[in-house]
């Protein structure tokens, strides 16, 4: 009994005392965690393992965006820029033939540093003035970064991007142990997956720590009433800029993981506006300001993307005789349906999955 | 504010134009200055609604550019249907085609603007976060619907016959269409100026921008006024879209995204809510874009961002900040 209590206390400590807040939400989060932890064994195959790795990365990316959108209440459109900076950080040294763990580490550190410097610069310039400027300016800066990424061909490979090979331990020819374990060959892809999984989990726990620390409480205070937070003596500009820098740094690490997963990086892979829309959707569907919500949202959206296009194709074929409808259901129009979904959720379901569940607990308790 | 301080924002524009002169030959300077002013006029048409809507109701519409794109695609269809007038060798018939396209775009964009205000904006007054999210969603849906109707391929816009090409005056090439754009921009600016400063409605709009509660307390329905401003703003965006499409001659849905960024830069530079600021900001962005495109073609978009950063460092609230209560 005492052991059980201590175990419970230990688990609470790991998640910084922040529970998902509703039995269903807890069950979903635990299912997601277990599913991702066992993915190479439960869902073998290259495609499903790539999907699981994408979920890990987008959990981190969406949660880091939630630190801005949900906890601090500011809308940034430059999050994919930081994501891409991390990815290019790893891709550039590796693509130039410097293959090794030191290159991966060096690239990640450089990417994070650049992301932090840019985030602080944008934050100090725009958050000082009006919060609404921040959204507009991040949009402008992000599109400029996209332009740079396509124009600086020597550095970034332009539109084509950069393809590279990874250190041997992450390559497909590598074997961790010579015999298959539980029927799965532990090759470099599995090692890559678990590297991504471990880093993502650590980052997620770190974010839980940050938002539940006094620092995170101040961010929420600023979101609720900026004037009052300022009156209590908190320099809101400093806190907001720090939140931007934190989330940019974490997004950059997620970008580095993405580069390791894809063995490639280009403007479309990490920088496009549709990824920004995906992130917004993940955070809003899951529930802003909960961290667990965006994690669930990331799983939902990544899975939907893997299956939505084939679903649309089927709809398009089924309505072939009707005018206009086949065009509406064309597989390339998936962004249209995500947009419609997004608008509907912001209207009717603004608290998202986890937020709505938490409200029911509050109401019945 | 001292007189010098108040005059300073006005000086930026002439200083910029004169500063560009030593960097290039006189004839290219004339051509580029006209091109910049023409682009600025079109930007002004597109962004004027955005700045007024923000000033009056504190609503930031990220989907404003969708109305520009709509106008551009309407230009393809109307000018395509009026090919008899477009290809006619008569200036009157050519201008008539353009005017019809402008009117169609204004009417359709305005109608969609009315619906957009009803369905999307009305429910999210007061919450910036929700406004940004919902209008971004609206922008995505609108852009994709335009693709459904007009297709994803780039479309060609027929420029009226006598508006193609340019005059040569003293070695400087002056594109005819740019003169038309400048004329229309000046006309709209003058009309807006008159409405805002010489009519009762304009007085209410200006008062509403400065202090909405006070105007409401005096018994005026600012909401209703706002719907009018919103519709007028989207109609102007449609007009700007037509002008821009005919200027570019080849359009894709990407112009919405490109224009969003330029419009934001314009309204930030000018000061959110200020029509004069929007006009000066649009000129600045247009001129800087054209000068840099000539001097360093790869930096065109970067130059407008650099301009915005410089101006914000100098005047954090824009060149012509609106006195808000």
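What follows is calculated from the coordinates using simple rules that are stated; it is not laboratory data. What you are looking at is a predicted structure, and each value in this text was computed from that prediction instead of being measured. Neighbour counts are summed over all protein chains in view; Cβ atoms, including those assigned to glycine, are modelled from backbone coordinates with ideal geometry.
For this structure, a couple of remarks:
- Helix-only CD estimate at 222 nm, as mean residue ellipticity for chain A, using -39500 (n - 2.57) per DSSP H run (n ≥ 4): -24000 deg cm²/dmol
- Take each residue in B:138-144, count the other chain C-beta atoms within 10 Å of its C-beta, and the mean is 6.
- The stretch B:198-325 shape via C-alpha gyration tensor axes, a/c threshold 1.5: oblate
- Peptide A:73-79 shows a mean partner chain C-beta count of 2 within 10 Å per residue C-beta.
- Cα-based shape type of chain B, given that a ≥ b ≥ c are square roots of the gyration tensor eigenvalues and the cut on a/c is 1.5: oblate
- For q = 0.06 Å⁻¹, Debye-computed log10 I/I(0) when each Cα of the stretch A:19-364 counts as one equal scatterer: -0.22
- Of the residues A:110, B:278, A:56, the one with the fewest other Cβ atoms within 10 Å heads the list, and the complete ranking is A:110, A:56, B:278.
- Chain B, relative contact order in percent, only Cα pairs under 8 angstrom and at least six apart counted: 35 percent
- Relative contact order for chain A: 28 percent, from Cα pairs under 8 Å spaced at least 6 residues apart, divided by residue count.
- Computed over Cα pairs, the Kirkwood radius of the stretch A:127-261 leads via Stokes-Einstein (1.567 mPa s, 4 °C) to a diffusion coefficient of 69 µm² per second.
- log₁₀ of I(q)/I(0) at q = 0.05, 0.07, 0.08 Å⁻¹ - the protein assembly as shown, Debye sum with one point per alpha carbon: -0.26, -0.51, -0.67
- What the Cβ-Cβ distance of residue A:42 and residue A:18 gives, at R0 = 22 Å and to the nearest 0.05, is a FRET efficiency of 0.20.
- Label point distance in nm, residue A:317-residue B:199, each placed 7 Å from Cα along Cα→Cβ: 5.7 nm
- The order of A:153, A:240, B:317, A:19, going from fewest to most other C-beta atoms within 10 Å of their C-beta, is A:153, A:19, B:317, A:240.
- Label-reachable residues, the stretch B:135-163, where backbone N falls under 14 Å from a point 7 Å from residue A:332's Cα toward its Cβ: B:144-155
- Estimated translational D of the stretch A:187-252 in µm²/s (Stokes, Kirkwood radius over Cα pairs; 4 °C; 1.567 mPa s): 95 µm²/s
- Cβ crowding within 10 Å ranks A:360, A:13 as A:13, A:360, fewest other Cβ atoms first.
- Shielding by other protein chains, A:339-348, mean Cβ within 10 Å: 6
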